[in-house]
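The values are calculated or read from the model by the stated rules, or taken from the named source; none is laboratory data. Keep in mind it's a predicted model, so treat the numbers as computed, not measured. Every residue, glycine as well, gets a Cβ built from its backbone with ideal geometry; the counts of neighbours run over all protein chains shown. Note: areas computed on protein heavy atoms with side chains; ligands, DNA, RNA excluded. Shrake-Rupley method; radii C 1.70, N 1.55, O 1.52, S 1.80 Å.
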Amino acid sequence: MGLAKRIIPCLDVDNGRVVKGVQFVDIRDAGDPVEVAKRYDEQGADEITFLDITASSDDRETMVHVVEQVASQVFIPLTVGGGIRTIEDIRRMLNAGADKVGINTAAVFNPEFVKEAAEKYGSQCIVVALDAKKVSQEGEPNRWEIFTHGGRKPTGIDAIEWAKKMTDYGAGEILLTSMDRDGTKIGFDLELTRAISDAVNVPVIASGGVGELQHLVDGVVEGKADAVLAASIFHFGEYTVEEAKKVMQDAGVEVRL
Amino acid sequence: MSSIAIIDYGMGNLHSAAKAVARAVEDTKVFITNHPDEILAADRVVFPGVGAIRDCMSGLHETELVEVIGQVSKQKPFLAICVGMQALMERSEENNGIDCLGMFRGEVKLFSDSMRDEVHDEKLKVPHMGWNQVEQKLDHPLWANIPDRSRFYFVHSYYVDALDSDVIAGATDYGVQFTASIAKDNIFAVQFHPEKSHKAGLQLLSNFAHWNGAF
């Protein structure tokens, strides 16, 4: 027995409301992030991640209030990503009750920001989000690159080298999303997950592509991920976090029940 | 109404701890403070800690709270969390070696970067992050209503190696078996984060709020 593999439901929040739809059998208004977070907490989620997709920076204050409300009712770790660009952004989210912040695009454009953030607040609260896409052709050795703008813009940066650099700069955890798999429901890019997990010594959260519970098992067993993140399979009431953990446990994965 | 002071010595985010303590206990005034008078006047004291030990120790010296901590830990129930627990030891390996408060014998050491889980054939990542089991080594009021080997949330790269086995209240395995909790007289210290550890964590905080020290 030892450290459990984590299951992390992820909520996209736009202007204070959960989007992409969340349905629970006995909750009518599932767009309230506080209600959704509480429900996942009751189901045994190990952490909760909020992705702030609010377009206007004027509305970002709304996210601070969401975090404040969730943090006063849910006592598991909370991560907030999306729009984290300055030390002040991090300070506000941590003060509101977030335990970690996810830095994505800002890290690509200004890697020193990750260093500065880790020095100021400690690596334990700095998650660097990597959006990676396969760029090698069939028959070539695997190669993945970092993409920005939702997977549309290539950066020319090698994903494995980038993951190593970010941990050298102080990232305490890597949130790895396969842009090839995101939204496909055919499972994680396991080769990518394993390559990144083997390359760095910090925990790696696999994301992108989960469509069924076996995919979570695969991410951990074959992809060697330390945690798995999923959105839609939990949102639409298809599966509960509890069911996911049972499946993982049956497959020999250590989980917190 | 009884009161719990959460010591603020410039280590940032104490809101999680304050909210969880407030949630776990009723009829208790929970407040964050760096004033020695307020800390000395509280019924119970929480000594949290996040970040690096060097900043933690310099924060304590700058706010002139070292003496206050020595005093209150003898007088009233005192709960140290995470880096707060590490600060109670003699010395930490972090930041090229930092002298700590020396209230317990032993050092704070860095997890090796070559640890492996042989059963699952995988490397053990550092930081040690997530939910791990705590084996209760002492019968203590703060473990009341918490099943042995319950999981708590950890996030740390350095661990306490206490020299005196009679003060070890909890132990956890992660490549090595390390000291997850220490207890002596009025002091209870934990490496994990009870404020982030769901029901088991809230139960521990509630037990603390009802504990009158010693055991």
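Chain B against chain A buries an accessible area of about 3000 Å², both chains summed, 1.4 Å probe radius.
When chain A is treated as a Gaussian network with alpha carbon springs shorter than 10 Å, the biggest mean-square fluctuation among A:Val128, A:Val200, A:Val114 belongs to A:Val200. Sorted from longest to shortest, the spans of the Cα atoms of the protein assembly as shown along the three principal axes equal 68, 48, 43 Å.
Surface composition of the protein assembly as shown: carbon and sulfur atoms hold 45% of the protein heavy-atom accessible area at a 1.4 Å probe. Rg of the Cα atoms in the range A:65-142, relative to 2.2 N^0.38 Å, amounts to 1.34. Normalised by residue count, chain A yields a Cα convex hull volume of 120 Å³ per residue.
For A:Asp52, the amide hydrogen comes within under 5 Å of the amide hydrogens of A:Val13, A:Gly81, A:Gly82, counting only partners 5 or more places away or on other chains and with H modelled in the peptide plane.
Of the residues A:Tyr40, A:Tyr169, the one with the largest accessible area comes first in the ranking A:Tyr169, A:Tyr40, computed with a 1.4 Å probe on protein heavy atoms. Accessible surface for A:Arg181 stands near 60 Å², nearest 10, in the context of the full protein assembly shown (1.4 Å probe).
Compared with the dominant Cα axis of chain B, that is its longest principal axis, helix B:53-62 is turned about 20°. Relative to the longest principal Cα axis of chain B, at what angle does helix B:15-24 sit, 0 to 90 degrees, rounded to 10? In chain B, helix B:15-24 runs at an angle near 70 degrees to the longest axis. For the range A:194-210, a reduction of at least 30 Å² in accessible area between the chain on its own and the assembled protein chains (probe 1.4 Å) is found at A:Asn201, A:Pro203.
The heavy atoms of B:Glu38 present about 80 square angstrom of accessible area, all protein chains included, probe 1.4 Å.
Pairs A:Lys5/B:Lys19; B:Lys29/B:Lys184; A:Lys5/B:Lys123; A:Lys153/A:Lys185; A:Lys100/B:Lys199: which are spaced more than 18 Å apart, C-alpha to C-alpha? Going by Cα-Cα distance, A:Lys5/B:Lys19; B:Lys29/B:Lys184; A:Lys153/A:Lys185; A:Lys100/B:Lys199 fall outside the 18 Å limit. Evaluated on the range B:2-209, the Kirkwood hydrodynamic radius is 17.0 Å, with distances taken between all distinct Cα atoms.
Note: the range A:70-112, Cα convex hull, 62 Å³ per residue. Counting Cβ atoms of other protein chains within 10 Å of each residue's Cβ and taking the mean over peptide B:114-127 gives 4.
The label point for A:Glu242 and the one for B:Asn95, both projected 7 Å from the Cα toward the Cβ, are 4.5 nm apart. Under 1.5 on a/c is rounded, so check that first for the range B:36-156, then, if it is not, pick prolate when a/b is larger than b/c and oblate when it is not; a ≥ b ≥ c are the square roots of the alpha carbon gyration tensor eigenvalues. It comes out oblate by the Cα gyration axes.
Measuring with a 1.4 angstrom probe and ignoring ligands and nucleic acids, B:Glu62 comes out at about 150 Å² accessible.
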